[in-house]
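What follows is a set of notes on a single structure, which appears directly below.
The values are calculated or read from the model by the stated rules, or taken from the named source; none is laboratory data. Because the structure is a prediction, the values reported are computed rather than measured. Cβ atoms come from the backbone with ideal geometry, glycine included; neighbour counts cover every protein chain shown. Just so you know, the surface numbers come from the protein's heavy atoms only, side chains and all, with ligands and any DNA or RNA stripped out. Shrake-Rupley method; radii C 1.70, N 1.55, O 1.52, S 1.80 Å.
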Amino acid sequence: MIILGIETSCDETSAAVIKASRGSVKILANIVSSQIEIHKKYGGVVPEIAARHHVGNILPVISECLESAKVNQEDIDLIAVTSGPGLITSLIVGVETAKSLSYAWNKPIISVNHMYAHLAGNFLAPLEFPAIALIVSGGHTELIHLKSYNDYKKIGQTLDDAAGEAFDKVAKMLDLGYPGGPAVFAVAEKFNLPSIPSLEQEWGGLVFPRPMINSGDFNFSFSGLKTSVLYKVQKMTKAEIKQRTSEICFEFQEAVIDILTTKTIKAAVKHQAKTILMAGGVAANKNLRESLQQKSEANGFKFLVPDFSLCTDNAGMIAVAGYYLSQKDKPAPNNWKNIKADSNWELSSHNA
Ligand code: KG4
Ligand code: ZN
């Protein structure tokens with residue numbers, strides 16, 4: 001089965017082609033046109049600008065993708081498109097393009113939830129269930145309990161900021177640019193703990209709080225952590241901030257990693273999981289990957305995280321998700337009339 005995936009939920013215009021059959025999924029092409037450079041100067045994604053660029057990019061990206069995968073429209077069996085959650089103006093471009101192609105090519109469409117698709121970045125190889133999945137992106141921080149590819153339930157989520165949002169806001173406080181996650185990580189890498197013990201002493205230790213780490217449920221909160229960083233930064237002189245930026249980034253990142261890994265392991269133990277998965281843009285963080293892998297394996301769980309290229313938004317994961325969803329709910333021919341964008345589409349549960 002050949003699937004064309006389309007993703008335009010935020011600021012990446014992406015198209016992918018995959019070849020899928022029982023137990024095997026292969027990505028033939030995955031083209032991502034990022035608008036990061038355009039939105040950088042505004043310190044975040046501007047929805048109207050993102051939508052306008054999607055309109056200009058979407059058809060060239062799809063053409064490039066088909067060419068690179070060496071397939072043509074007749075070869076395609078299904079079109080998978082992100083229908084939500086995301087920026088409504090951005091989503092509409094992908095959804096309306098998918099519907100137009102579906103009508104013109106006479107192919108069925110499947111609506112894909114963007115958060116489920118992040119998980120599906122882990123579905124390229126067979127998985128052992130039950131699994132606990134940690135989704136960490138710019139807009140979401142969620143724990144999902146999966147009984148199979150198609151049977152899942154959300155068991156926890158952030159009550160305020162998402163983990164990626166906290167990275168982005170801390171980066172903004174420290175003038176590190178956008179997107180904040182990679183910037184904070186790069187600066188944190190420069191921190192050399194033993195080299196400034198006297199500063200640690202003088203400050204009484206730069207350790208940030210871990211809100212809700214022992215809350216007994218699987219929800220998260222990152223707003224207090226972000227505010228704690230802000231208060232510390234506000235008490236410092238410009239020179240101190242400059243001197244301690246890498247330390248702040250490192251300790252903030254450590255706090256986020258501690259919260260995420262502790263809660264994920266607790267969820268996996270409670271639900272007797274065999275596998276722990278991680279997905280979403282923040283899953284590109286090397287220290288988080290290493291820490292969750294180490295803790296998962298130490299507790300007897302298999303650990304999976306997609307390749308870096310499949311962590312941030314891309315249509316490859318949309319097409320893979322489309323394959324697994326279509327195995328359960330076969331899309332009817334000419335179903336394009338029923339497909340629409342839903343910017344608030346919650347990933348709650350789906351029973352196979
Ligand atoms: O999944 P994604 O590409 O888009 C959303 O659906 O939100 O995630 C983007 C988020 C941003 O907040 C970005 O700062 C964060 O992922 N991110 C990272 C890293 N790379 C991207 N956060 C921490 N460390 C990274 N290396
Ligand atoms: Zn995403």
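Quick one: in segment 221-273, of everything that is within 26 Å of ALA298 (Cβ to Cβ) and among the acidic types (Asp, Glu), which residue is farthest from the chain's Cα centre (by Cα)? Looking at residues that are within 26 Å of ALA298 (Cβ to Cβ) and among the acidic types (Asp, Glu), I get GLU251.
If the condition is being modelled with pLDDT of 95 or more, more than 16 Å from ligand 1 (Cβ to nearest atom) and in contact with a Ser or Thr (Cβ under 7 Å, 6 or more places away or on another chain), then segment 109-142 contributes ILE109, ILE110, SER111, GLU128, PHE129, ALA131, ILE132. For segment 136-166, a residue qualifies if it is within 14 Å of ligand 2 (Cβ to nearest atom) and in contact with a Phe, Trp or Tyr (Cβ under 9 Å, 6 or more places away or on another chain), and the qualifying residues are GLY138, THR141, GLU142, ALA162, ALA163, GLU165.
Per this entry, SER148 is counted among residues that are of a type in the set (Gly, Ala, Ser) and over 17 Å from the mean Cα position of the chain (by Cα).
Considering only segment 126-156, state which residues are assigned to a loop (DSSP other than H, G, I, E, B) and among the polar types (S, T, N, Q).
SER137, ASN150
Would you confirm whether any residue within segment 343-350 is within 16 Å of ligand 2 (Cβ to nearest atom) and hydrophobic (A, V, I, L, M, F, W, C)? So far as segment 343-350 goes, yes, one or more of its residues are within 16 Å of ligand 2 (Cβ to nearest atom) and hydrophobic (A, V, I, L, M, F, W, C). Those helices (runs of 4 or more DSSP H) of segment 36-108 in which at least 1 residues are crowded, with 21+ Cβ neighbours inside 10 Å and in contact (Cβ under 8 Å) with a residue 40 or more places away in the chain, considering only elements entirely within it, cover 47-69, 88-105.
Considering only residues of segment 142-177 that are touching a Gly at 6+ places or on another chain (Cβ under 9 Å) and open to solvent by 40 Å² or more (accessible area, probe 1.4 Å), which is farthest from ASN219 (Cα to Cα)? The extreme case among them is GLY177. Condition first: at positive phi, surrounded by 14 or more Cβ atoms within 10 Å (Cβ to Cβ) and in contact (Cβ under 8 Å) with a residue 40 or more places away in the chain. Can you find one or more residues in segment 277-285 that meet it? Scanning segment 277-285 turns up at least one residue that is at positive phi, surrounded by 14 or more Cβ atoms within 10 Å (Cβ to Cβ) and in contact (Cβ under 8 Å) with a residue 40 or more places away in the chain.
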